Amino acid sequence: GDPAVGVKVDERLRAHPTLRLHPLDAPLLGLAHEIGARQMLRGADALYAATATIVPAQLVTWDNELVARAGGVTPDEWLAANA
């Protein structure tokens, strides 16, 4: 409920040395559209799946649809496999 807290969190996240931001450019949006249609994912979920594909990175999520349809794994599964 406090906008100042949101701004502070954003600043801290952006300053984190391991955070990589990816622009919503035409190639990413095109891939998200393709993945979303093929895997029957909603807009934001398709963007997450497309970003994981482009990076490439394992998609770690609590979202059951991303696990079932986009090859995501839960944090517990990821931790067990990468301990």
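Taking the range 48-60 as the range and being under 21 Å from Ala80 (Cβ atoms) and among the aliphatic types (A, V, I, L, M) as the test, the residues that pass are Ala52, Ala57, Leu59, Val60. So in the range 72-83, with the set limited to residues that are among the hydrophobic types (A, V, I, L, M, F, W, C) and not in a helix (DSSP H, G or I), which one is least open to solvent (accessible area, probe 1.4 Å)? Among those residues, the one meeting the criterion is Val73.
How many of the residues in the range 1-31 are among the aliphatic types (A, V, I, L, M) and either touching a residue at least 12 places away in the same chain (Cβ under 8 Å) or surrounded by 13 or more Cβ atoms within 10 Å (Cβ to Cβ) (or both)? Walk me through it before giving the result.
Residues of the range 1-31 among the aliphatic types (A, V, I, L, M): 4-5, 7, 9, 13, 15, 19, 21, 24, 26, 28-29, 31.
Next, from what is left, pick out any that are either touching a residue at least 12 places away in the same chain (Cβ under 8 Å) or surrounded by 13 or more Cβ atoms within 10 Å (Cβ to Cβ) (or both): 24, 28-29, 31.
Matching residues across the range 1-31 total 4.
When the range 32-71 is filtered for residues that are part of a loop (DSSP other than H, G, I, E, B), open to solvent by 70 Å² or more (accessible area, probe 1.4 Å) and aliphatic (A, V, I, L, M), only Met40 remains.
Okay, residues lined up against (1) at pLDDT 95 or above; (2) among the hydroxyl-bearing types (Ser, Thr, Tyr); (3) within 26 Å of Asn82 (Cβ to Cβ):
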| residue | (1), (2), (3) |
| --- | --- |
| Lys8 | yes, no, no |
| Leu19 | no, no, yes |
| Gly30 | yes, no, no |
| His33 | yes, no, no |
| Leu41 | yes, no, yes |
| Ala46 | yes, no, yes |
| Trp62 | yes, no, yes |
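The values are calculated or read from the model by the stated rules, or taken from the named source; none is laboratory data. Because the structure is a prediction, the values reported are computed rather than measured. Note: ideal-geometry Cβ built from the backbone for every residue, glycine included; neighbour counts use all protein chains shown. Areas reflect the complete protein model, heavy atoms only, side chains present, ligands, DNA and RNA absent. Shrake-Rupley method; radii C 1.70, N 1.55, O 1.52, S 1.80 Å.
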